[in-house]
Amino acid sequence: MRKFLVVKIVIFCLALNVPAAVVQEKNKVLGQEKIIAFTFIGKHDPKELKSLTFHTPARIGDRKYWRNRGVVPAAHQTWFDLLKSPVDRAVDILMNRDYGGETNPVICIDEFGFDFGGKTDQKSAKILRITKQKKPNLDLAVWQMRGPISQVLAEAYKDVVSLVLLEAYISSKSDYWWIATQVYVARMHKILEKSVVALGLSSGKPEDKNKWADTKEEVEQQMRFVRLVAPESPGVGFFAPNATPGLLQFADQLCERFFDFPTDGTGLPEEALRLHQFFSKQHKNATIVSSPIWAEPNRGANDPNILVQPRTLRVYLLNIGDKAAKNVKVRLRNPAEQGGGVFADGELSFLPEKFGVPVVLAWTGEAKVWKTWILEIEAEGCEIHIFHF
């Protein structure tokens, strides 16, 4: 009888377009029922945060304290030493860190996701796989930057990474598409159950170059949007190097009741609800989503700052439609005030339905701007949606 009831609930949720994983028993992430991650909070004392369940960077001397509190403490590792070293050297760095004698240490890598499946992403995936193979008791956590996860990284995350932190540092509802697309792709690759959206908190002061959420109203709205679009995610995270004490405390208080937020969008503005509907509804035709900011050069395996020659640009295209797209033409051009000329173009012969892949563009001209270039996409019989920051 109980099994029959569970099946009925799953069918009902699928009819409402709710992921079936929501009604199933969630697997623990790093041994935790929920992940509430506060990272890099400036001069604030993380020990004052009450909702915290994952903390990095955690000092060796504090890790026993965190464990006793039920918090996962993670060592911190930047990408610089890893991606500017040969793979074997990078693996040695991760394996031989001072983990304070912990039996099951955790390392949090800041950050991966450089070139949408290019040489640097391929190297990053290889480092993760070999490290886990050689040191299976080491739990890997990774910050994922620059939007949608490339397939090569997503497969590595699925196989060997315990926690994925999706960078979503945005200021207002006009940028919520950034959260929605990251969540869509994480779900597409079946890793959303161990991924959390990491929001950015800033001070709102003129000298703060980070223009992220800086009011209590915006923080709560972003958290409610995360619950709407990612109900099967194990939690939420924050990157808050310059947040005011009041805003940080408010975010901490909200996290204590994060899972009490409804997953139906209650409390969100119409624009946010329409955005969610766009990504969750059925699109009968091919429907391509992209952004000028989803264009990255193919970066070298020896150093991400050195580009692969001949130079190419990789533009991530996400098809949320029920039909594949064919012969998709893509161009990047400079803005009109910079001459308006095309400096990169390419074609993707096949873009599967409900999937995302990069299209490789020949980089033949001068890009006079960076990320504010014009993205043009042509595909017969397709809807095209280009989002901008």
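When the criteria are applied in full, LEU49 fails the requirement of being under 30 Å from ALA301 (Cα atoms), touching a helix residue (DSSP H, G or I) at 6+ places or on another chain (Cβ under 6 Å) and at pLDDT 95 or above. When restricted to residues that are over 23 Å from ASN27 (Cβ atoms) and either at pLDDT below 95 or touching a Pro at 6+ places or on another chain (Cβ under 7 Å) (or both), the stretch 213-240 contains 0. Only strands (runs of 3 or more DSSP E) whose full extent lies in the stretch 217-332 are considered here, and the ones with at least 1 residues that are open to solvent by less than 50 Å² (accessible area, probe 1.4 Å) and farther than 27 Å from ILE36 by Cβ are 287-290, 295-297, 312-319. Regarding the stretch 59-74, can at least one residue be identified that is buried (at least 17 other Cβ atoms within 10 Å of the Cβ), in contact (Cβ under 8 Å) with a residue 40 or more places away in the chain and over 17 Å from ASN242 (Cα atoms)? Among the residues of the stretch 59-74, at least one is buried (at least 17 other Cβ atoms within 10 Å of the Cβ), in contact (Cβ under 8 Å) with a residue 40 or more places away in the chain and over 17 Å from ASN242 (Cα atoms), which makes the answer yes. Checked against (1) within 24 Å of ASN27 (Cα to Cα); (2) buried (at least 23 other Cβ atoms within 10 Å of the Cβ), ASP159 meets all criteria but (2). Just one of the listed residues (THR131, THR181, THR215) is more than 18 Å from the chain's Cα centre (by Cα), closer than 26 Å to LYS119 by Cα and of a type in the set (Ser, Thr, Tyr), namely THR131. Among the residues examined, ASP98 does not qualify as over 30 Å from ASP175 (Cα atoms), more than 17 Å from the chain's Cα centre (by Cα) and open to solvent by less than 50 Å² (accessible area, probe 1.4 Å). Applying the criterion of being in contact (Cβ under 8 Å) with a residue 40 or more places away in the chain and under 10 Å from the mean Cα position of the chain (by Cα) to the residues of the stretch 145-156, the residue that is surrounded by the fewest Cβ atoms within 10 Å (Cβ to Cβ) is ARG146. Screening ALA37, ALA74, ALA15 for residues that are at pLDDT 95 or above and out of contact with any Cys (no Cβ under 7 Å at 6 or more places or on another chain) leaves exactly one candidate, ALA37. Quick check, is ALA344 in contact with a Phe, Trp or Tyr (Cβ under 9 Å, 6 or more places away or on another chain), under 22 Å from VAL183 (Cβ atoms) and not hydroxyl-bearing (Ser, Thr, Tyr)? Here the answer is no, as ALA344 does not meet what is asked. How many of the residues making up the stretch 78-109 are out of contact with any helix residue (DSSP H, G or I) (no Cβ under 7 Å at 6 or more places or on another chain) and in a strand (DSSP E or B)? Adding up the residues that qualify gives 3. Within the set ALA125, ALA90, ALA141, the sole residue that is in contact (Cβ under 8 Å) with a residue 60 or more places away in the chain and crowded, with 20+ Cβ neighbours inside 10 Å turns out to be ALA141.
The values are calculated or read from the model by the stated rules, or taken from the named source; none is laboratory data. Owing to the predicted nature of the structure, the values given are computational and were not obtained by experimental measurement. All Cβ positions, even for glycine, are placed from backbone atoms using ideal geometry, and neighbour counts span all protein chains on display. To get the accessible areas, we keep the full protein, side chains included, count just its heavy atoms, and leave off ligands, DNA and RNA. Shrake-Rupley method; radii C 1.70, N 1.55, O 1.52, S 1.80 Å.
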